Every structure is written in structure tokens, then in C-alpha cells.
Amino acid sequence: MIKLFHKTRQTIFPTLLLIMIFSCVSQNNKEPLKLDMNVYLSLADKDTIYPTDKQLAMLKEVMPREAFQPAPKISNREYWKGIAETSSGKEYLTKALELLDKKPEVPITDSIYRLANKEGNRGIYKPRYYRTMDRLERFILAECLENEGRFLPQIKTYSKAIMSMKSWLHPNHDDENGVLEGRRISIDLGARKFGGVLALAENLLEDKLPKSLQDEIHKQLQRRITDSYLKSTKYLDENNKWIKSTSNWNSVCTSGTVLTTITSSESYEKRLATVGAALNSMAYYLSGFGDDGYCSEGLGYWGYGFGHYLYLAQILHDYTNGSIDLFTFNNAEKMENVGNFPEGFEIQKNVCSPFSDGVSSISRKGSNFADVLSAKHYGAIPPTEIRMEEAAEQLIAWQYPEMFQVVEKSKSSELPDHTYFNDFGMVISRGKQEIPFSVALKAGHNAENHNHSDVGTYSLVLNDEIIAGDIGAPSYRAGSFSPDNKARSSWGHPVPMVNNTLQSNGIEFKGIITETDFSNQIDKVVMDILPAYELPMLKTLERTVTNNKSGKGTIIIEDHFVATEPVSFESAIMTLNEYEIVDGKTVILKTANQQVKAEIKGKGFEFHIKDEKVPVEHLREGGPAYKIGIEFTEPSVEGILTIKFTPIS
């Protein structure tokens, strides 16, 4: 196999300080130095992402002075002929030929850009953006495979079309159209990919591209990506605020920025600073996961965000010959837990809870790069198919074919009776019946990524269907992120509303699991959700969830409140399914194949049922969704509301 790594020069360090900073695991100086991530991070400036002088000194000892070579250049015909003869190479080329006559779909007009920004309508621009990028990167690698010049005209056309765009941002990420109108330059989820694709064209195709085109690509990459990023790392301005984010934006945008810069920048200092800043930035990103591996963004964003983190880890490993290790970063145990998150988050039969803006199925579409590398580095279950969406992933797959071998049969093990992510307070209690009846619930806090103000929410799953509970995310469009969107507030979740007051937002507004009791027959979780509300008269607000696994199963949701003065109280059954209100205390929830009876009881008050359609037209889980409200008829100082769910068919 052709090596793409740069050899790190051998250096002997005379001082004790340098011995402490670097962990040299070599024997006879054959192995490279290892960057001590704990020491490196301890030397960071708490106010900026830009690396300090001491951090830069550490990096200089492990980073080559040459630019990164993500794959052999097109002139290395031995390598590319070898790839072209593989089944993967043949499939890749066939697909590229099918797309060869397609025209680029950018730039879109300013009027469409502004309309998309105003309406939040992703459908009128996002498919065009990504189809253009996907085709260009496929043409680039196809030309490397074939080397007959058939793809060069389109590569030139697509590259020029992209560079003619005033903004590389998704329009709805461009506040007040500032990038479109030339007042600033920012990097977002789209811009980082435009940059990465053009960087591959410039790097791999060499003089197959006209010198003038190479120069223009180089110039734009420095201005739109590298310089924009480094400016933001020195002080947080209105651009690139994601560099201190714990969300998927950080890992995705950082990985694209690093690829572009270490591949295309002629400046060693800029390459050095970009890698140094990325390491500091990834400390923020990883802090968004619990030490137990829990990802509050949900499974879809785990695949997207952590997949790009692992991509960054791989290219920095290759670039530094293993000296920079993001696979373990500064906490190997936590990284292993993060890599195994999908299996722990599964409720049963490939179903998971769509908490926040998550998805309800572990059988995701799109790239499963995160699954592949997690299997390699963290012992996660290997995927039974390989799905890649970006050329950068494909280049790694061709570099490490043994890592991307398809597993004929999944090695999945039986899921445990329960899983408890105690860092965020999230529990899955799994029924073990022939038709399993299970519940996932979470405490969490109301400043999580993609927060829904949903402390205490839950999902009930019978067999492979979500019966009731969290209705998931509103589709991304104008108003979807508004706090007034009822699917994003606690109004649209199966949690209490007291004195007509919803949960408040902020990290201090949280739930606390105060008691757990797990056994073969019964799982019980007690959660204090009082801190999620700003209600001084409320002294107790406690939710208890019990899963009795005997027979067909019974799941009980019980809310208990105590106040110093009479308060109104209501809760709800939320569902995306059909239902029948049998009487004032019984509701039958129905799917095409199953039914569950919900029996409602109140202690200390009378109640009535008021059902209504959730006034959100576009939900990621489909819809429509319904809120079966359970309302007290009179204010009370104390009460217990119990909802008992039992499968009946």
C-alpha cells in the first residue's frame, strides 16, 4: 500500500521539561513522538481558540512542514490504476459517468438566496448546493481513476460556478444576508464542503487544471476558509461562532476547514495554527457528550457530527504519522463510550427515541463513516453495509480497505434489560416480552443542543413502533427554531404545565433522577422535574416511571405535585398515531398492527380530557401529531396524576 504519511524527524530532547511534555513511546527511535493531549490542552488560553506560543512549540515537534497529501496525485498512475481495478473503484467511476452530462446547479440567484433566507425554505437551495458539490467531487476522483480527460471540462465548469457564488453559506445561516452582500465572510456546514471539494481539485489534479484556475481556487480557499477561520479563533466575532460550540457544527465545520487549510495553504504557520486551534476547539465539542457517551443531539447528529470528528482524527493521524491522536484525545474511556453510543441508545428493534431533533431509527440513511471507524477504534458493532457521502471519506476507504470491509452478519448482542446514561439522566427500560413493551425517558436540562424544553419527556415503544410520547422535531424551515414553535416547547411534549406555565430555558432548568430501581420484572425511575419550572409556589413536582415487564407489560407515568397555594395542573399524552377517547378516563392508541390502552386516574382532583391537533404542519417524524390534554377542573394544592399504558392486542 502506498504510504501517504509524512515522516516525523527524529529529535532528542535534552531537558526534563520536554520529556514531561512529550510521551515518546518509541523503541530505538523508530516510533514517532506522541502529542500529550492533556498537557497541550492545559496550555490553552481560556479566552481564545488560537493556540498559545507553548502549544505551537509542542505542535512544531510533531507536525511536518509539508502540506498534507490526502491521496496520491493523479500523476501516480500505479496507485490510481490499482484503485480503478477494485470493485469500489469501478462502481465509483460508473456513477460518475452517469452524472457526466449534468450541469452545475449553482450559483442560485440573489432573489432565491434572499427568499430562502427569509422563509427558511431549504428545498429551494440545499439540494442544488449539495448536488453540485457531490458531482464535482465525484468528477475529481473519477478523473484520477481514469485519467482520460473526460471529466476535466465539467470539473472546470463546476469549479468556476462555485467560485462565482457570492456566498458559500446556506442562505438561512447568513444573518441579514451579510455574506451575500460582502460585509463579512463566514464558514458554515455548506461552505466547509465547498472549500474541501475545491481543495481536492487543486491538490489531486495538478497541472490537469489551468494555472489560472488553480490560482483562483487557491486564492478563494485562503480568503473564504483559512483566513476567516484563523481570524475567528483569535477573538470571537460575528463569524464562525461554532468554534466554541458543543454541537455537530463544530466538528463538521472544523474538519472541513482543517482539510482545506493543511492541503492548500502554502503557509506552514497557518497550517500549524489551524491544527492547533482545531485541537482546542474539539475540547469544546467533546464536552457536549456525557462521560458515559450520551449524545443529547440524538443518533442522527451523532452520525453526522461524530463522523466528521473521526474523519478529522484520521487525517491528522495520517498527516502526523500517528503523533496526534484524536481517537483517544484526552480521555480514552469516554471516547470509547461515545463510539458505542448507538447500541446503548437503541430501545429495541432498531428503534430509538427522537428526543430533541433526533431520529427514531438507528437504521440511518446517509454516511455510516462514524460506525465504521467506531468499530475499528472503539470495538463498536461493525456495520453490515458501507455508506459514504463525501469524497474525503472515500479516499480514506481506499487508503484503508481492510477497515471498510462489509460484515456479512451483524455481531449485535442482546440489548440489556436497561441502560442508564447517568450524566444527562436518560434511562431506557426494555421489556423482554415476545412483543416487547419499553420506555425511554430523560431528565436532561433545557440548554442541550437542539433543546426542546422537554425535561421529563419519554417515548413508549411496542414492538417496533413508537406508540406515544415525544413527537420529535419540527422540520427545518422558517420558524422551526422559534421558541414559539409548539413542537419545540414543553407544550408539545408529554410533560406537565402548571399554572399555565411552560418549562424555562437554560442549563439551570433541569431534571434530576433521584431514585432508580432496576430488576428483572420491574424498573422504576423517580425524577425531580421541579427545577425545570419557575414557579415559587410549587414545592414538589416529581415524575415516577414504572415499567412492569410481567405479562404483556404495563408502563405507568405518575406525576405528583405539592404547592403552597392552589395551582392549575395539566399534562398530556402525545401521539403521532390514531386514537379513540373511550370515556373520560380511557384512551385507546392505535397503529395499523397494535393497540395500547391508556387509563387515566387522578388523586386529589377531578380532570377532563381535551384533545387537539399540534399546530405544526411539518414534523420530521411525519404527522399530524396530537395532544391529548389531561386538565384539572379546579386548582389544587396537591395532586397525583397517573397514566397506565397496557398493550391490548
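Report, in debye and to the nearest 20, how large the dipole of the chain comes out about its Cα centre when Lys and Arg carry +1 and Asp and Glu carry -1 on their Cβ. Each step should come with its number before you reach the end.
Details: 73 positive and 85 negative charges, 397 e Å.
Result for the chain is approximately 1900 debye, rounded to the nearest 20.
Sorting 377, 445 by solvent-accessible area of protein heavy atoms yields 377, 445, largest first, with a 1.4 Å probe. Computed from phi, the 3J(HN,Hα) profile of the range 351-357 under the Karplus parametrisation 6.51, -1.76, 1.60 (θ = phi - 60°) reads 9, 9, 7, x, 4, 6, 9 Hz, with x in place of Gly and Pro.
Output the DSSP H helices from the chain with an along-axis C-alpha extent of no less than 27 Å and a mean Kyte-Doolittle hydropathy no less than -1.0.
126-146, 268-287
Our estimate of slack between residue 66 and residue 606, defined as 0.36 nm per intervening residue step minus the Cα-Cα distance, is 186.9 nm. Only helices enter the 222 nm calculation for the chain: every DSSP H run of n ≥ 4 contributes -39,500 (n - 2.57), and dividing by all residues gives -9500 deg cm²/dmol, rounded to 500. Size descriptors for the range 308-440 (Cα atoms only): Rg and Dmax, in that order, 16.2, 52 Å.
Return the Rg/Rh value of the range 120-203, two decimal places, where both radii are evaluated on C-alpha atoms and Rh is the Kirkwood radius. If you can, show how the numbers build up before the last one.
Values: Rg = 13.9 Å, Rh = 13.6 Å.
The Rg/Rh ratio comes out at 1.02.
For the range 445-578, the pair-distance distribution built from all alpha carbon pairs, in bins 10 Å wide starting at 0, is 11, 39, 35, 13, 1 percent.
Taking the range 93-151 on its own, what percent of its Cα-Cα pair distances exceed 12 Å?
Counting pairs separated by more than 12 Å, the tail of P(r) holds 68 percent.
Pair-distance distribution P(r) for the range 124-276, from all Cα-Cα distances in 5 Å bins starting at 0: 1, 9, 19, 23, 20, 14, 8, 3, 1, 0 percent. Just so you know, the Cα atoms of the range 253-366 work out to an Rg and Dmax of 15.6, 51 Å. The phi torsions of the range 587-599, fed into the Karplus equation with coefficients 6.51, -1.76 and 1.60 and a -60° offset, translate into couplings of 10, 9, 9, 10, 10, 5, 10, 9, 9, 10, 8, 10, 10 Hz, rounded to whole numbers, with Gly and Pro shown as x.
Hey, with R₀ at 51 Å, roughly what FRET efficiency would residue 150 and residue 119 work out to, going by the Cβ-Cβ distance, to 0.05? The partial results should precede the final answer.
Values: r = 40 Å, r/R0 = 0.77.
It comes out at approximately 0.80.
If contacts are Cα pairs under 8 angstrom and at least 6 residues apart, what is the relative contact order of the chain in percent?
Numbers: 1326 pairs, mean separation 63.0, N = 649.
Rounded, it is 10 percent for the chain.
Equivalent-ellipsoid semi-axes for the range 44-102 (Cα gyration tensor, √(5λ), whole Å, largest first): 41, 17, 9. Within the same chain, lysines fewer than 8 places from residue 603 are excluded, and of the rest, those with a Cα less than 16 Å from its Cα are 585, 644. Taking 52, 132 and ordering them by how much accessible surface each has at a 1.4 Å probe, largest first, produces 52, 132.
Holding the Cα-Cα limit at 22 Å, pick out from 193/270; 486/552; 81/219; 349/442; 510/549 the pairs that are longer than that.
Values: 193/270 19 Å; 486/552 34 Å; 81/219 31 Å; 349/442 20 Å; 510/549 29 Å.
Distance filter (> 22 Å) returns 486/552; 81/219; 510/549.
Within a straight-line Cα-Cα reach of under 16 Å, residue 160 can be paired with the following aspartates and glutamates, leaving aside sequence neighbours fewer than 8 residues apart in one chain: 105, 134, 137, 202, 215, 216.
Can you tell me the order of 485-493, 417-425 when each peptide is scored by its average per-residue count of other Cβ atoms within 10 angstrom, highest first? Don't jump to the answer; show the numbers that get you there.
Values: 485-493: 22.3, 417-425: 18.8.
Answer by packing, highest mean first, reads 485-493, 417-425.
Globularity index of the range 207-294 is 1.23 (Cα radius of gyration / 2.2 N^0.38 Å, N = number of residues).
In plain terms, the chain from residue 408 to residue 287 could stretch by 40.0 nm, reckoned as 0.36 nm per residue minus the Cα-Cα distance.
The average projected area of the range 382-502, computed from the convex hull of its Cα atoms over all directions, is 11.3 nm². The Rg/Rh ratio of the chain, with Rg taken over Cα atoms and Rh as the Kirkwood radius over Cα pairs, comes to 1.00. Checking every one of the GluC sites (Glu not before Pro) in the range 256-339 against DSSP loop status and a limit of 11 other Cβ atoms within 10 Å picks out 266. Taken over the alpha carbons of the range 483-544 as equal point scatterers, the Debye sum produces base-10 log I(q)/I(0) values at 0.28 Å⁻¹ of -1.24. The Rg/Rh ratio for the range 29-177, using Cα coordinates for both the radius of gyration and the Kirkwood hydrodynamic radius, is 1.11. Taking the inverse of the mean 1/r over every pair of distinct Cα atoms in the range 273-340 gives a Kirkwood hydrodynamic radius of 12.3 Å.
Extension gain, residue 269-residue 223: 0.36 nm per intervening residue step, less the Cα-Cα distance, totals 15.0 nm.
Can you give the direction-averaged projected area of the convex hull of the alpha-carbon atoms in the range 528-568, in nm²? Intermediate results must be reported in sequence, preceding the final value.
Working: hull surface 14.3 nm².
Computing the convex hull of the Cα atoms and averaging its projections yields 3.6 nm².
For the range 559-649, the Cα gyration tensor yields ellipsoid semi-axes of 26, 16, 10 Å (square root of five times each eigenvalue, largest first, whole Å). Amide H contacts for residue 468 (H built 1.01 Å from N in the peptide plane; partners 5 or more residues away or on another chain; cut-off under 5 Å): 460.
Round to the nearest 0.05 the FRET efficiency obtained for residue 517 and residue 586 when R0 = 41 Å and r is the Cβ-Cβ distance. The value I calculate is 0.90. If you look at the Cα atoms of the range 306-346, you get an Rg and a Dmax of 11.3, 36 Å. The convex hull defined by the C-alpha atoms of the range 554-593 has an orientation-averaged projected area of 4.3 nm². Put a dot 7 Å past the Cα of residue 504, heading toward its Cβ, do the same for residue 432, and the two dots end up 4.4 nm apart.
Using the Kirkwood radius over C-alpha pairs as Rh, can you work out the diffusion coefficient of the range 391-455 via Stokes-Einstein at 4 °C, viscosity 1.567 mPa s, in µm² per second? Intermediate values should be presented prior to the final figure.
On the way: Rh = 15.8 Å.
Answer, rounded: 82 µm²/s.
Placing a label point 7 Å from the Cα of residue 77 along the Cα-to-Cβ line, no residue of the range 193-221 has its backbone N under 14 Å from it. Remark: the chain carries 41 Å² of accessible area per residue (probe radius 1.4 Å; ligands, DNA and RNA excluded).
The values are calculated or read from the model by the stated rules, or taken from the named source; none is laboratory data. Only a predicted model underlies this, so the values are computations on that prediction, with no experimental measurement involved. In this analysis, Cβ positions are derived from the backbone assuming ideal geometry, glycine residues included, and neighbour counts consider all displayed protein chains. These area figures cover heavy atoms from the full protein model, side chains too; ligands, DNA and RNA do not enter into them. Shrake-Rupley method; radii C 1.70, N 1.55, O 1.52, S 1.80 Å.
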